[in-house]
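A.B. asks: This is the structure, below, for whatever I ask next.
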Amino acid sequence: MPAFITDNFLLESDEAQRLFHEYAKDQPIIDYHCHLPPDQIAENHQFADLAEAWLAGDHYKWRAMRSNGIAERFCTGDASAREKFDAYAATVPKCLRNPLYHWTHLELRRPFGIDDVLLGPDTADQVWERSNALLAQPEFTTQGILAQMQVEVVCTTDDPCDSLEYHIAHAKQPGATRMLPTWRPDKALAVHNPQQWNAYLDTLSELTGRTVDCWDDFIAALDQRHQFFHDVGCRLSDRGLERCHAASFSANQIASIFRNARAGKAPNADELEQFKSALLLEFGRMDHARGWTMQLHLGAMRNNNTRLFKALGPDTGFDSIGDYSQGQALSRFLDSLDQTDQLPRTILYNLNPADNELMGTMIGNFQDGSIPGKMQFGSGWWFLDQWDGMSKQIEALSNLGLLSRFVGMLTDSRSFLSYTRHEYFRRLLCNILGNDMVRGAVPRDFDLVGGMVSDISYRNAKNYFGF
């Protein structure tokens, strides 16, 4: 069978092909936001088989399998590795026009070199055997895959109470892909559940050697962990929020809300809004003080299926695009930091595509000339990191900001095989710009346009994050 994923896959013009092959394809990768397990990187984990490498933790695939009538035991349950792989192989032919069809075959092509078959029930045996034979080789450990995919830096997602022991150990390995932590303090915001929140604060207290009995103690302990992350090499933070929070509050109100929550009393809706607003500002100030980049992931409606959330827990494929109002609170939050000149470099990600133009214009409000592209409209995220979603993000950014200063793609993935998402994004970018050349919308100047492609693929991120 002729290859489906060819060298010129999705590149519709000679111009697009030249842009991709000469300016994008061979650029290294800076994966500045992902969910890869740090222990698997540090310990150079060798996968037992393709099911472990490909299906474990991948809620994109699980959603498709469920839609195809596959029972849960073949997704997250006790079915064998081969049974789970066969269930996915049976699903893939039904994924035509879903991004999984492209991603699956891109990932088989790189790093496995399998481009002469389409995955389905009739080819499952040979794909399984060929992939597993490679996964047993040293070049296909976690670090081997990162090296094959030219990953220069990978930034994991880590709680302030994480020990970062694997980052510290990995940093001592010469020649390995650089792995840095990312500060993700969402649990510190979860005061709506006082029992879990207080247990978290007890852990924070133990780690820092501080009492955490008042608001000032709380902020001091978090700032201590922020400094620890910085010392280990962290240069980015992240928040996963339905929407931003920017309520008015007084110091006395926040102190009272903290005391009550520490005593086990949940805040009411207004108090919760005030508490989260105060804490988000403190986090922003910490990021600014240490020269970090702040990421805000906005708009996910999580854990919609109560029955399966109770059975399986979070991040198992039961989240949706939310229709939250984003603009006013986000503006107030960014403005509050900007008024005191404490607004850090910031990347805004929206999950609802209806917010594309909002984000594209919001970043322009707070560009201050201190660095190019200080405020970033992040790449299509989660449900939007596919051809249509990424195209619309690029169009909105192009129309309302400077595409040339964009820091580009990230995996946002739990799978080491997801690095072809960078290739997918680069093909899309080159196709858009190549087609612009064809119709005369941009100059047919390969040094000019190709230089921008290389910047967006690699150089902008390297310069922006200071790696």
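Computed from the coordinates by the stated procedures, all read-outs in this text should not be read as laboratory data. Everything numeric here is computed off the predicted structure, so don't read it as measured data. Note that we place each Cβ from the backbone using ideal geometry, even for glycine, and neighbour counts take in every protein chain shown.
A.B. asks: For the chain, divide the Cα radius of gyration by the Kirkwood radius and give the resulting Rg/Rh value with two decimals.
C.D. replies: 0.97
A.B. asks: Turning to a different aspect of this structure: Treating the beta-carbon of each Lys and Arg as +1 and of each Asp and Glu as -1, no other charges, what is the dipole magnitude of segment 47-139 about its Cα centre, to the nearest 20 debye?
C.D. replies: Computed about the Cα centre, the dipole is about 440 debye.
A.B. asks: On the Cα set of segment 151-257, report Rg and Dmax in Å, please.
C.D. replies: Computed over the Cα atoms of segment 151-257, radius of gyration and Dmax are 15.8, 51 Å.
A.B. asks: Rounded to the nearest Å, what's the spacing between the alpha carbon centres of segment 32-99 and segment 294-335? Just the number, please.
C.D. replies: 23
A.B. asks: Exposure proxy check: Trp183, Trp382, Trp215, Trp103 ranked by fewest other beta carbons within 10 Å?
C.D. replies: Listed from fewest to most nearby Cβ atoms, that is Trp382, Trp215, Trp103, Trp183.
A.B. asks: Of Ala461, Ile70, Ala169, whose Cα points farthest to the positive end of the dipole of the chain (charges on the beta-carbon: +1 Lys, Arg; -1 Asp, Glu; origin at the Cα centre)?
C.D. replies: Sorting the options by dipole projection puts first Ile70.
A.B. asks: Nothing charged except the Cβ atoms of Lys and Arg (+1) and of Asp and Glu (-1): what's the magnitude of the dipole of the chain about its Cα centre? Round to the nearest 20 debye.
C.D. replies: Using only the charged Cβ atoms, the result is roughly 400 debye.
A.B. asks: Another question, if that's okay. Would you tally the net charge around Asn98, using a Cβ to Cβ cut-off of less than 12 Å, leaving Asn98 out, and scoring K and R as +1, D and E as -1?
C.D. replies: Charge balance in the 12 Å sphere: +3.
A.B. asks: Can you work out the FRET efficiency for the pair Glu206 and Ser256, with r the C-beta to C-beta distance and R0 = 30 Å, to the nearest 0.05?
C.D. replies: 0.75
A.B. asks: Which of Pro111, Leu50, Tyr200 sits closest to the plus end of the dipole of the chain, meaning its Cα is farthest towards the positive end, when Lys and Arg get +1 and Asp and Glu get -1 on the C-beta?
C.D. replies: The residue sitting most towards the positive pole is Tyr200.
A.B. asks: Would you order Arg345, Arg18 from fewest to most other beta-carbon atoms within 10 Å of each residue's own beta-carbon?
C.D. replies: Sorted ascending by nearby Cβ count, the order is Arg18, Arg345.
A.B. asks: Oh, and also: How large is the Kirkwood hydrodynamic radius of segment 47-139, counting all unique pairs of alpha carbons, in Å?
C.D. replies: Answer for segment 47-139: a Kirkwood hydrodynamic radius of 13.2 Å.
A.B. asks: Okay, moving on. Just in segment 233-333: which trypsin sites (Lys or Arg not before Pro) are loop by DSSP and have at most 15 other Cβ atoms within 10 Å?
C.D. replies: Lys265, Arg302
A.B. asks: Expressed as an acute angle from 0 to 90° and rounded to the nearest 10, what is the orientation of the C-alpha long axis of helix 124-135 relative to the principal long axis of the chain?
C.D. replies: Helix 124-135 sits at roughly 70 degrees to that axis.
A.B. asks: Based only on other Cβ atoms within 10 Å, what is the fewest-to-most ordering of Thr91, Thr316?
C.D. replies: Thr316, Thr91
A.B. asks: If packing is taken as the average count of other Cβ atoms within 10 Å, what order do 353-366, 19-32 fall into, highest mean first?
C.D. replies: Listed from highest to lowest mean packing, they are 19-32, 353-366.
A.B. asks: Can I ask one more? With charges set only on the Cβ (+1 for Lys and Arg, -1 for Asp and Glu), what does the dipole of segment 354-467 come to about its Cα centre, in debye to the nearest 20?
C.D. replies: 280
A.B. asks: So what's the gap between the Cα centers of segment 155-177 and segment 373-393, to the nearest angstrom?
C.D. replies: Cα centroid of segment 155-177 versus Cα centroid of segment 373-393: 27 Å apart.
A.B. asks: Next question. Classify segment 249-343: rounded, prolate or oblate, from the alpha-carbon gyration tensor (a ≥ b ≥ c, eigenvalue square roots; a/c under 1.5 rounded; otherwise prolate if a/b is larger than b/c)?
C.D. replies: oblate
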